[in-house]
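Visitor: After the C-alpha cells below, expect a handful of questions from me.
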Amino acid sequence: MDALTKLKLMAVPDTTWIKEATFRQENAYWLDVSFDIALEVLCTLREKGMTQRDLAEMMGCSPQYISKILKGSENLTLETICKMQKVLQIKLIETPYSRLLDAKPSSQPEQQ
C-alpha cells in the first residue's frame, strides 16, 4: 500500500466547518448586532480608560464572560445589555420607550 492510499484511509473528513458556516448564515442578523455592541463597548472602555476586569467587577460577572461578550459572538440577554448600558452610561439598543425616557423633563430647573 502506497503512502497516499494510507493517508486517505487515515484521514478523517472535517465537516465542522459546514456546521459553523450554516450557523453563521442562519444567525447572521443577531451576530452582526452582537458584534456592533461588542465594538461599542470596546471603544467605550478605551475612552474611559477601563479594563475588561473593571467592567466585569462593575457588572458582577466574570472577566471570562466579558471576554466572550467582547468577541462579538455572544447571544446577549436584555438584562446583560441593560447592565452594560447602566455601568458604561451609553446607549447600546434603542426602543420606542427608551426615547421617551431620554426626553423626560428634568426635575431640576434649566440654568441660563
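The values are calculated or read from the model by the stated rules, or taken from the named source; none is laboratory data. These figures come from a predicted structure and were not determined experimentally. Here Cβ is always computed from backbone atoms with ideal geometry, including for glycine, and neighbour counts include all displayed protein chains. Each accessible area value is taken on the protein alone, full model and side chains, heavy atoms only, with ligands, DNA and RNA left out. Shrake-Rupley method; radii C 1.70, N 1.55, O 1.52, S 1.80 Å.
Visitor: Taking the Cα atoms of the chain, report the difference between the largest and smallest coordinate on each principal axis, in whole Å and largest first.
Guide: Here the Cα extents, ordered largest to smallest, are 90, 30, 22 Å.
Visitor: Angle between the Cα long axis of helix 78-88 and the longest principal axis of the chain, 0 to 90 degrees, nearest 10?
Guide: 60
Visitor: For segment 15-72, what relative contact order do you get, as a whole percent, if you take Cα pairs closer than 8 Å and at least 6 residues apart?
Guide: 38
Visitor: Calculate the dipole size of segment 1-43 relative to its Cα centre from +1 charges on Lys and Arg beta carbons and -1 charges on Asp and Glu beta carbons; express the result in debye to the nearest 20.
Guide: Here the size comes out at about 360 debye.
Visitor: Let me ask another. Quick one: compute the contact order of the chain, relative version, from alpha carbon pairs under 8 angstrom and 6+ residues apart, as a percent.
Guide: Relative contact order here is 23 percent.
Visitor: Continuing with this model, one more query. What part of the accessible area of the chain, given as a whole %, is carbon or sulfur when the probe is 1.4 angstrom?
Guide: 56
Visitor: Oh, and also: By how many nm would the segment from LYS68 to MET50 lengthen if fully extended, with 0.36 nm per residue of separation less the alpha-carbon distance?
Guide: Result for the pair: 4.8 nm of gain on full extension.
Visitor: Moving on. Just going by the charge dipole of the chain, with Lys and Arg at +1 and Asp and Glu at -1 on Cβ, which of SER62, LEU78, LEU31 is farthest out on the positive end?
Guide: Result: SER62.
Visitor: How large is the dipole of the chain about the Cα centre if only Lys and Arg carry +1 and Asp and Glu carry -1, each at its Cβ, rounded to the nearest 20 debye?
Guide: With only Lys, Arg, Asp and Glu charged at Cβ, the dipole is about 200 debye.
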